[in-house]
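Written below as structure tokens is the structure these notes are about.
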Amino acid sequence: MEKYIIRGGKPLYGSVDISGAKNAAVAIIPAALMVDGVCRLENIPQISDADMLLTILEHLGARVKMINKNTMEIDCTHVRYTDAPYDLMRKIRASYYLIGAMLGRFGAAKTTMPGGCNFGVRPIDQHIKGMTALGAEVEVAGGFVYAETQDGRLHGSRIYLDKVSVGATMNIIIAASMAKGRTIIENAAREPHIVDLANFLNSMGADVRGAGTDTVKINGVDSLHGGTYTIIPDQIEAGTYMAAAAAAGGEVRIGNVIPRHLESITAKLREMGVTVIEGEDSIIVRRSGPIRRINVKTMPYPGFPTDMQPQIVSALCLANGTSVITEGVFDNRYKYVNELRKMGAQIQVDGRTAVIEGIEKYSGAPVAACDLRAGAAMVIAGLCAEGETQVEDVHYIERGYENFVGKLRGLGADIVYVSDPDEPEQTLKNVNIG
Ligand code: UD1
């Protein structure tokens, strides 16, 4: 069984560099399916979600060449229309981007319903609404999604999203970039990874305008050509180290970030009494005094990200007073709270609201990572806890954090990865990589 063992209670000191953005990479890799020629992607994070998508592309006939651990060349010139490999597809949420990319490239797609973290019901009705508006006939049956166009090509259209959906916005951008004519997406999501996807597509010859605003206009092109693209740094990975430094105390310099993407996190940490100093492409987080209680509501960008909710909760459990968290994006994103309670956290959940009574200290305990960000929250709690914390199911964490253990060890944390619980120190992983 794979787990992390953490001996907590040490503040974090030092410097950590942020990897490429997971949620940009997991859209850009499938979008590369539409490119005729070699796509050189730099700053791909070394995480299992990206690996799975690269394997799916290979299954479809792409040639993937690893240049170094974060740079890949993907050549989709000879891809063929075939079913995507279901076992991999159903494991990741981002496999839904294959629907848009296959429709764009082949005019047809057959995929599984996407998997990914379970935050309650995660429908894809807005993706389907978009593909249907672009002229595809879409059917969902038996866990599969079938989509087909009449004449082998999508046709531009005007689409109003009923929900501000990151996935639907990006999927429609991908599909529409090779549709015939103009597509307008209204009430689009505005996350940094949406801008990154648009920049990637544009650098391959697409014509996507307005990404980062709530109206995105796409003039479809007949083909996309090869090129080189560097993925932006990961907002949530950076935010996780910010929360870790705030919770554990100490002083951490977080490098390779875009501070503007971190503004909502920076603002909340400052309210908590944490010092945050913004540089050009780095940020310093320092805490020596007590953590002040605050209220947080998660919202689509530029609001406070739902993907930072568990990590900020983990830090606020140690605040001096009562904090109220409102989850504004997902219905059921508090499952991990039970695990934090095992470490002494005092949290009451009612629907989308969590009320946290600050405690003085966590006590180490065996806990599980319920999902990717919840797993990060467990690690943060473990770093602050008295005694030993064992975090199980770390495969969730490794879906989205490159070299998490190694980076934390670089900040002085006492954390090891073990695959055999009987011999912890002999199976160190991720320690001196990158
Ligand atoms: C993406 C991210 C995830 C992040 C989330 C919100 C990826 C692979 N995942 O997930 O890390 O937490 O954005 O920033 O990039 N909804 C519908 N119908 C749809 C689509 C979404 O009702 O067709 C709802 C969802 O249930 C949710 C809300 O809209 O309540 C936002 O979801 P969305 O932004 O689409 O999240 P994901 O793309 O699933």
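Values in this text are rule-based calculations from the coordinates and carry no lab data. Quick caveat, the model's predicted, so the values are computed rather than measured. Neighbour counts are summed over all protein chains in view; Cβ atoms, including those assigned to glycine, are modelled from backbone coordinates with ideal geometry.
Fewest first, what order do Met66, Met204, Met131, Met299 take by the number of other Cβ atoms within 10 Å?
Going from sparsest to densest Cβ surroundings: Met66, Met299, Met204, Met131.
Could you work out the per residue convex hull volume over the alpha carbons of region 160-201, in cubic angstrom?
With only Cα atoms used, region 160-201 gives 61 Å³ per residue.
Could you calculate the FRET efficiency of Tyr146 with Thr353 from 1/(1 + (r/R0)^6), where r is the beta carbon distance between them and R0 is 30 Å, rounded to 0.05?
Efficiency, rounded to the nearest 0.05: 0.15.
Thinking of the chain as a set of Cα atoms, what percent of all their pairs are more than 40 Å apart?
17
Taking a ≥ b ≥ c as the square roots of the eigenvalues of the Cα gyration tensor of region 48-195, is the shape rounded (a/c under 1.5), prolate (a/b larger than b/c) or oblate?
Here region 48-195 falls in the rounded category.
Hey, any idea what Rg/Rh is for region 248-351, computing Rh the Kirkwood way over Cα pairs?
Over the Cα atoms of region 248-351, Rg/Rh equals 0.97.
Can you give the Rg to Rh ratio of region 133-260, both from alpha-carbon atoms, with Rh computed by the Kirkwood formula?
With Rh from the inverse mean 1/r over Cα pairs, Rg/Rh is 1.09.
Students often forget the sequence filter, so: which lysines lie under 18 Å Cα-Cα from Lys361 once same-chain residues fewer than 8 apart are removed?
Lys10, Lys342
Fewest to most neighbouring Cβ within 10 Å: what's the order for Lys217, Lys163?
Ascending Cβ contact count within 10 Å gives the list Lys163, Lys217.
To the nearest 10 degrees, how steeply does helix 166-176 sit against the main Cα axis of the chain, on a 0 to 90 scale?
The helix 166-176 is inclined about 20 degrees to the chain.
Need one number: convex hull volume per residue for region 283-434, Cα atoms only, in Å³.
123
Fewest Cβ neighbours within 10 Å first, please rank Met1, Met272, Met72 accordingly.
Taking fewest neighbouring Cβ atoms as first place, the list is Met1, Met72, Met272.
What nm value, rounded to one decimal, do you get for the distance between Thr215 and Lys180 when each label is placed 7 Å out toward the C-beta?
2.7
How large is the dipole of the chain about the Cα centre if only Lys and Arg carry +1 and Asp and Glu carry -1, each at its Cβ, rounded to the nearest 20 debye?
740
What is the helix-to-structure angle for 372-384, meaning the angle in degrees between its Cα long axis and the longest Cα principal axis of the chain, kept from 0 to 90 and rounded to the nearest 10?
20
How big is D for region 185-324, in µm² s⁻¹ as a whole number, if Stokes-Einstein is applied with the Kirkwood radius of its Cα pairs at 10 °C and 1.306 mPa s?
The diffusion coefficient I find is 96 µm²/s.
Hey, rough spin-label estimate for Glu280 and Val324, points 7 angstrom out along Cα→Cβ, what's it come to in nanometres?
According to this spin-label approximation, the distance is 4.3 nm.
Using a ≥ b ≥ c from the Cα gyration tensor of region 96-181 (square roots of the eigenvalues), is it rounded, prolate or oblate, where a/c under 1.5 gives rounded and otherwise the larger of a/b and b/c decides, a/b for prolate?
Judged from the Cα gyration tensor, region 96-181 comes out oblate (a/c at least 1.5, b/c at or above a/b).
Over region 281-338, what number does the Rg to Rh ratio reach, with both radii from the alpha-carbon atoms and Rh per Kirkwood?
With Rg and the Kirkwood Rh in hand, the quotient comes to 0.99.
Please list the three semi-axes, largest first and in whole Å, of the ellipsoid equivalent to region 220-288, using sqrt of 5 times the eigenvalues of its alpha carbon gyration tensor.
Its equivalent ellipsoid spans semi-axes of 32, 11, 9 Å.
Given the options Phe106, Val79, His127, identify the residue whose Cα lies farthest towards the positive end of the charge dipole of the chain (+1 on Cβ of Lys, Arg; -1 on Cβ of Asp, Glu).
Going by the charge dipole, the pick is His127.
Any chance you could run the full-extension gain for Asp125 through Met299? It's 0.36 nm times the residue separation minus the Cα-Cα distance, nm to one decimal.
Full-extension gain reported as 60.6 nm.
Just to confirm the number: angle between the C-alpha axis of helix 192-203 and the first principal axis of the chain, 0 to 90 degrees, nearest 10?
So the helix axis and the longest Cα principal axis differ by about 40 degrees.
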